[in-house]
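Report on the following structure.
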Amino acid sequence: MSAGPEGLERVFGKGGVLSRLRRDYEYRAGQQAMARAVAQAIASGRHLVVEAGTGVGKSLAYLVPALLSRRQVILSTGTRALQDQLLEREVPAACRVAGGNPGVAVLKGRENYLCLKRVAEAEVKPSLGRLEEVPIFGEIRQWAGSTATGDRAELTSLGDRSPLWSLLDARSETCTGSNCEFFDRCFLYAARRRAQQATIVVTNHHLLLADLALKRTGAGQILPPAEVTVLDEAHLVPEAAAAHFGERLSLRMVTDLARDAADELERLGEDRLVADELARRARAL
């Protein structure tokens, strides 16, 4: 099946493929029009911005033509709820429509993956802060031996703000990369390898923009160089972009700088009262 007008009519038209695959499917002229616009944008290599109300069926309107184009696709969302919905419902439906067996991979930020090195270190040098964390650590250690992804989303018993997880995740500050003894079993790098080979890579705006920032510096990449990029929930992109490409100045930062400067001036032999006065002026400014 092609991504041309006739192929999309067969998918989205009345009595089409989608109506036979999904009992709850209803024909929507807006969905079909959006699918045509997406297909044309992909074929011509241009950008497309679409605004459509709830119930139009936007997800399938971009997923089906993207898959029919037979190109690698990065699909970025702004919320975990939409990401889960796409993975559980919309992406499988689009794959059935497009035919074949396109690979789908999910890539999240480092803090979502378990670090086996940090688990091993915690076993030797326990850093658990509270007694109630001990049984949870035992559960995590057992899960580490059976999970295929190391994704904390599988740990339904672990709270979203668990201080224990921050001691065990794959954050960059403690990562030694290929020098790590657990590198061959690393969940984070396994997820990245799957993404390199997948047809559809589902990610989030923050990771997408972190990847762009990394590529901008020439320091490497996180995501594969896909031919098609879809930003769902695009209204959330500016906030994420500001976090990765903007500069931030706060009163707290100025106060910390003034304090550090006063300490350094005193170390260099300046009178402490003079140093404190200079720090006060900085805070006032």
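The values are calculated or read from the model by the stated rules, or taken from the named source; none is laboratory data. All values reported here derive from a predicted model rather than from experimental measurement. Ideal geometry is used to build each Cβ from the backbone, glycine not excepted, and the neighbour counts take in all protein chains shown. For the accessible areas, the whole protein counts, side chains as well, though only heavy atoms, and no ligand, DNA or RNA atoms are used. Shrake-Rupley method; radii C 1.70, N 1.55, O 1.52, S 1.80 Å.
Looking at (1) open to solvent by less than 40 Å² (accessible area, probe 1.4 Å); (2) modelled with pLDDT of 90 or more, can you tell me which one ARG36 breaks?
(1)
Of all residues in region 78-121, which are under 15 Å from VAL201 (Cα atoms), in contact with a Leu (Cβ under 8 Å, 6 or more places away or on another chain) and in a helix (DSSP H, G or I)? Spell out how you get there, then give the answer.
First, the residues of region 78-121 that are under 15 Å from VAL201 (Cα atoms): 78, 80, 82-88, 90-92, 94-95, 101-109.
Checking which are in contact with a Leu (Cβ under 8 Å, 6 or more places away or on another chain) leaves us with 78, 86, 90-91, 94-95, 102, 104, 106-109.
Residues satisfying the conditions are LEU86, GLU90, VAL91, ALA94, CYS95.
If I filter region 18-31 down to residues being farther than 21 Å from ALA234 by Cβ and under 31 Å from the mean Cα position of the chain (by Cα), which single residue comes out as surrounded by the most Cβ atoms within 10 Å (Cβ to Cβ)? Even if it seems obvious, please write down each step before you answer.
To start, the set of residues in region 18-31 that are farther than 21 Å from ALA234 by Cβ comprises 18-27, 29.
Filter once more, so that each one left must be under 31 Å from the mean Cα position of the chain (by Cα): 18, 21-22, 24-25.
Numbers: LEU18: 22, LEU21: 12, ARG22: 14, ASP24: 5, TYR25: 17.
The selected residue is LEU18.
Looking at (1) in contact with a helix residue (DSSP H, G or I) (Cβ under 6 Å, 6 or more places away or on another chain); (2) modelled with pLDDT of 90 or more, which is the one condition that is false for GLN221?
GLN221 satisfies all of (1) in contact with a helix residue (DSSP H, G or I) (Cβ under 6 Å, 6 or more places away or on another chain); (2) modelled with pLDDT of 90 or more except (2).
Against the condition exposed (fewer than 13 other Cβ atoms within 10 Å of the Cβ) and outside any loop (DSSP other than H, G, I, E, B), how does ALA275 come out, does it pass? Walk me through it before giving the result.
Numbers: exposed (fewer than 13 other Cβ atoms within 10 Å of the Cβ): no; outside any loop (DSSP other than H, G, I, E, B): yes.
So ALA275 does not fit the description; no.
Taking into account only those residues within region 97-124 that are surrounded by 15 or more Cβ atoms within 10 Å (Cβ to Cβ) and within 20 Å of ARG22 (Cβ to Cβ), which is modelled with the highest pLDDT?
First, pick out the residues of region 97-124 that are surrounded by 15 or more Cβ atoms within 10 Å (Cβ to Cβ): 97-98, 102, 104-110, 112-119, 121-122.
Filter once more, so that each one left must be within 20 Å of ARG22 (Cβ to Cβ): 97-98, 102, 104.
On the way: VAL97: 85, ALA98: 83, PRO102: 81, VAL104: 91.
Only one residue fits best here, namely VAL104.
Report the residue count in region 186-236 for those that are of a type in the set (S, T, N, Q) and in contact with a Pro (Cβ under 9 Å, 6 or more places away or on another chain).
The total comes to 3.
If I filter region 229-254 down to residues being under 17 Å from VAL202 (Cα atoms) and of a type outside the set (A, V, I, L, M), which single residue comes out as least open to solvent (accessible area, probe 1.4 Å)? Walk me through how you get there before you give the answer.
Looking only at region 229-254, we keep the residues that are under 17 Å from VAL202 (Cα atoms), and these are 229-234, 236-237, 240.
Adding the requirement that they be of a type outside the set (A, V, I, L, M) leaves 229, 232-233.
On the way: THR229: 77, ASP232: 24, GLU233: 42 Å².
The qualifying residue least open to solvent (accessible area, probe 1.4 Å) is ASP232.
For region 214-228, which residues satisfy the criterion of being within 16 Å of LYS108 (Cα to Cα) and surrounded by fewer than 16 Cβ atoms within 10 Å (Cβ to Cβ)? If you could, list the steps in order and put the result at the bottom.
Within region 214-228, the subset within 16 Å of LYS108 (Cα to Cα) is 214, 221-224.
Passing the criteria: LEU214, GLN221.
Scan region 7-33 for residues that are assigned to a helix (DSSP H, G or I), among the small types (Gly, Ala, Ser) and at pLDDT below 85 and jot them down.
Within region 7-33, the first condition is being assigned to a helix (DSSP H, G or I), and the residues that meet it are 7-12, 17-21, 29-33.
Imposing the further condition that a residue be among the small types (Gly, Ala, Ser) reduces the set to 7, 19, 29-30, 33.
Those that are assigned to a helix (DSSP H, G or I), among the small types (Gly, Ala, Ser) and at pLDDT below 85: GLY7, SER19.
Residue by residue, here is whether (1) touching a Gly at 6+ places or on another chain (Cβ under 9 Å); (2) outside any helix (DSSP H, G or I); (3) surrounded by 17 or more Cβ atoms within 10 Å (Cβ to Cβ); (4) at pLDDT 90 or above holds:
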{"position": "GLN40", "(1), (2), (3), (4)": "no, no, no, yes"}
{"position": "ARG46", "(1), (2), (3), (4)": "no, yes, no, yes"}
{"position": "THR54", "(1), (2), (3), (4)": "no, yes, no, no"}
{"position": "ALA61", "(1), (2), (3), (4)": "yes, no, yes, yes"}
{"position": "ALA66", "(1), (2), (3), (4)": "no, no, yes, yes"}
{"position": "SER76", "(1), (2), (3), (4)": "no, yes, yes, yes"}
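Return the pair list, or none, for Cβ contacts closer than 9 Å from residues in region 196-219 that are without any contact (Cβ under 8 Å) to a residue 60 or more places away in the chain and within 12 Å of PHE245 (Cα to Cα) to residues that are among the β-branched types (Val, Ile, Thr) and assigned to a helix (DSSP H, G or I), at least 6 apart or on different chains.
Going by the 9 Å Cβ cut-off, the qualifying pairs are LEU209/VAL237.
I'm told ALA148 meets every condition in (1) closer than 21 Å to PHE182 by Cα; (2) open to solvent by 50 Å² or more (accessible area, probe 1.4 Å); (3) over 19 Å from the mean Cα position of the chain (by Cα); (4) among the aliphatic types (A, V, I, L, M) except one. Can you identify the failing condition by its number?
The single condition ALA148 does not satisfy is (3).
Do you know which residues across region 162-182 are open to solvent by 30 Å² or more (accessible area, probe 1.4 Å), touching a helix residue (DSSP H, G or I) at 6+ places or on another chain (Cβ under 7 Å) and without any contact (Cβ under 8 Å) to a residue 60 or more places away in the chain?
Matches in region 162-182: LEU167, THR174.
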